Amino acid sequence: MSLKRQLLDAIKKDTPEFDETNDYFIIEFEGGGDSFISFSHCEIENSKGEVLESDFNPDEHYELIMEIMDKSGVEYTFLDCGSFCKMSYGGGEINIYTESPLSFDDSDYSKAWQDDWDDEDEARDAYYDDMEIKFDEATFND
């Protein structure tokens with residue numbers, strides 16, 4: 001059975017109203033260190049944009065999702081602050097988008113999170129604004 005079919009079947013099992021012809025889903029996750037820590041956002045919507053009631057938990061399908069990521073050829077990293085990834089489905093296709101920092105300085109990163117900053121959010125945003133980011137995307141249809 002194809003990887004896409006396995007993922008769609010898992011979503012349909014936990015989201016009875018999901019219609020793979022018209023509905024769509026988005027799974028977002030990020031990670032650093034040695035793995036993707038957890039899936040930060042998962043939403044399944046019908047063609048009208050209404051969120052469907054679902055028991056689907058992407059964490060329970062981690063290996064399948066990572067296999068799709070790997071086979072898609074999209075680039076991501078677990079090094080330093082890692083990558084942000086977004087997997088979406090609609091129109092019969094799984095699309096994958098990633099953002100990965102190309103440069104990372106631990107000393108600057110820790111400075112951005114110090115308690116003695118007058119405006120921590122502003123300092124952190126400025127740090128990330130200066131970071132060089134690599135974007136990648138792929139369509140997966142196995």
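Yes or no: GLU28 of a type in the set (D, E, K, R), closer than 20 Å to PRO101 by Cα and at pLDDT 85 or above? Spelling it out, GLU28 is indeed of a type in the set (D, E, K, R), closer than 20 Å to PRO101 by Cα and at pLDDT 85 or above. Scanning the stretch 2-22 finds no residues that are farther than 17 Å from ASN95 by Cβ and modelled with pLDDT under 90.
Total residues in the stretch 53-88 satisfying the condition of being outside any strand (DSSP E or B), crowded, with 18+ Cβ neighbours inside 10 Å and hydrophobic (A, V, I, L, M, F, W, C): the figure is 6.
Pairs linking a residue in the stretch 49-77 that is under 13 Å from ALA10 (Cα atoms) to a residue that is assigned to a loop (DSSP other than H, G, I, E, B) and at pLDDT 90 or above, with Cβ atoms under 6 Å and 6 or more positions apart or on different chains, are SER54/THR15; PHE56/THR15.
The values are calculated or read from the model by the stated rules, or taken from the named source; none is laboratory data. Nothing here was measured: the structure is a model prediction, and the numbers come from that model. All Cβ positions, glycine included, derive from the backbone under ideal geometry; neighbour counts span all protein chains shown.
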